[in-house]
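What follows is calculated from the coordinates using simple rules that are stated; it is not laboratory data. Just so it is clear, the structure is predicted and the values come from calculations on it, not from any experiment. Using ideal geometry, Cβ is built from the backbone for each residue, glycine included, and neighbour counts are taken over all protein chains shown.
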Amino acid sequence: MKGLDGIQGPVYVGTGCVFKRQALYGYDPPKDPKRPKMVTCDCCPCFGRRKKKNAKNGAVGEGTSLQGMDNEKEQLMSQMNFEKRFGQSAIFVTSTLMEEGGVPPSSSPAALLKEAIHVISCGYEDKTEWGLELGWIYGSITEDILTGFKMHCRGWRSIYCMPKLAAFKGSAPINLSDRLNQVLRWALGSVEIFFSRHSPMLYGYKEGKLKWLERFAYVNTTIYPFTSLALVAYCCLPAICLLTDKFIMPEISTFASLFFIGLFLSIFSTGILELRWSGVSIEEWWRNEQFWVIGGVSAHLFAVVQGLLKVLAGIDTNFTVTSKATDDDDFGELYAFKWTTLLIPPTTILIINLVGVVAGVSDAINNGYQSWGPLFGKLFFAFWVIVHLYPFLKGLMGRQNRTPTIVVIWSVLLASIFSLLWVRIDPFVMKTKGPDTKQCGINC
């Protein structure tokens with residue numbers, strides 16, 4: 001967010017934001033004042049243009065009556081355009097043109113009350129531009145991202161402001177299932193925007209007011225759920241390597257390993273810099289990394305599947321309104337278990353990696369101490385996945401310290417099917433075999 005402040009401003013993420021009324025009403029931002037033109041000059045051609053201008057002024061003076069008729073037509077057309085844009089409420093349309101806000105001073109309280117009831121009615125925005133170009137934009141679950149994107153495309157700027165005393169406070173889900181459903185809703189909205197006509201990769205080029213780096217930031221907000229595909233693969237690879245006695249990467253040279261180490265150091269340095277300016281502790285950063293993996297292999301993956309089904313097959317999925325904690329129940333739902341299919345993929349990955357660790361250690365014990373060296377590298381990646389998913393397992397077990405039976409059954413079933421299919425396919429082993437030298441000698 002703070003990094004975007006130097007480009008065109010942070011994106012609108014649904015809370016903690018104050019808008020200008022002109023921005024919500026779909027108006028363009030005020031233009032920067034231009035330098036005044038020179039009034040006098042010593043060049044000869046200026047006199048000729050000034051004479052023509054004076055002549056034109058004289059011609060305009062002769063047709064004053066015609067101009068008055070044209071002005072009346074323009075005012076009528078302008079009023080019709082405003083009604084088509086904002087709705088048929090003269091007082092409300094007039095208030096949109098007032099820079100400081102408020103209502104026309106000539107309006108009586110009774111008239112204002114009548115107009116307010118008319119404006120808040122359900123059918124007022126029919127056949128208007130509300131939800132299309134004005135106000136909060138419809139057509140996506142994450143209307144906040146879409147609304148801010150349209151404003152930035154018009155040329156508006158947003159400013160990052162983080163006072164020491166919190167300006168906004170809100171409630172958030174504390175239950176694991178509710179939290180995953182909320183992340184699913186956000187990710188599904190991003191996928192919908194990516195495949196819609198408002199995709200940051202396609203929309204807003206005509207106006208040319210959205211900066212390229214700001215566009216890349218919006219592309220990132222809509223494409224991040226697709227990283228779940230690679231994340232699921234990387235979380236399963238350590239277990240596959242332990243079960244098949246292979247390694248994720250082939251042996252590389254010392255020079256190539258320097259690039260590999262440099263990549264990890266750059267990522268680590270970026271994280272340290274973010275911690276310093278944001279004031280986030282290392283523990284909070286680590287919890288965020290853990291939940292990023294948990295949400296990536298569950299909610300983000302489901303969002304990609306549901307988004308593709310909606311775009312390609314027209315199957316619309318209903319989303320659940322996020323249940324948020326209030327002061328009345330405090331932490332009453334913290335340990336409550338709520339069944340959702342989002343719990344199956346992380347549990348399956350956990351079981352696969354745990355089975356892989358047991359299989360790898362057993363194989364090393366049977367083969368002697370020579371196989372312990374390569375095993376440590378495989379165990380490192382497997383434990384890295386398990387450590388990231390440990391809070392999920394802890395939250396899944398809840399207060400009763402036992403995992404629900406339905407989650408265990410589905411996860412064990414999927415893990416078994418996946419392991420059996422992998423052993424049956426065995427992609428690391430070549431299927432074609434050449435002739436045996438023991439049978440035909442050197443003449444093969």
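For the reader, a short list of remarks on this structure follows.
- Percent of C-alpha pairs per 5 Å bin, the range 132-242, short to long: 2, 10, 15, 17, 17, 15, 11, 6, 3, 2, 1, 0
- Pairs from the table (Lys114/Lys169; Lys20/Lys211; Lys84/Lys114; Lys211/Lys310; Lys31/Lys206) lying more than 24 angstrom apart at Cα are Lys114/Lys169; Lys211/Lys310.
- Translational D in µm²/s for the range 243-318 (Stokes-Einstein at 25 °C, 0.890 mPa s, Kirkwood Rh from C-alpha pairs): 149
- Label-point separation in nm, Asn220 to Ile159, each point 7 Å along Cα→Cβ: 2.3
- If the chain linking Asp5 and Ser78 were pulled fully straight, counting 0.36 nm for each residue of separation and taking away their Cα-Cα distance, it would gain 22.6 nm.
- Only Cα sites of the range 69-208 enter the Debye sum here, all with the same form factor; the resulting log10 I(q)/I(0) across q = 0.10, 0.12, 0.16, 0.20 1/Å is -0.55, -0.77, -1.15, -1.27, listed in q order.
- At an R0 of 51 angstrom, the distance between the Cβ atoms of Val119 and Leu354 translates into a FRET efficiency of 0.30.
- Order of Arg154, Arg276 under a 10 Å beta carbon neighbour criterion, fewest first: Arg276, Arg154
- Inverse mean reciprocal Cα-Cα distance (Kirkwood Rh) of the range 208-265, Å: 14.9
- Applying 0.36 nm per residue to the separation of Gln88 and Glu289 and subtracting their alpha-carbon distance, the gain on full extension is 67.3 nm.
- Overall shape of the range 81-136 was characterised from the C-alpha gyration tensor. The equivalent ellipsoid obtained from it has semi-axes of 19, 14, 9 Å, in decreasing order.
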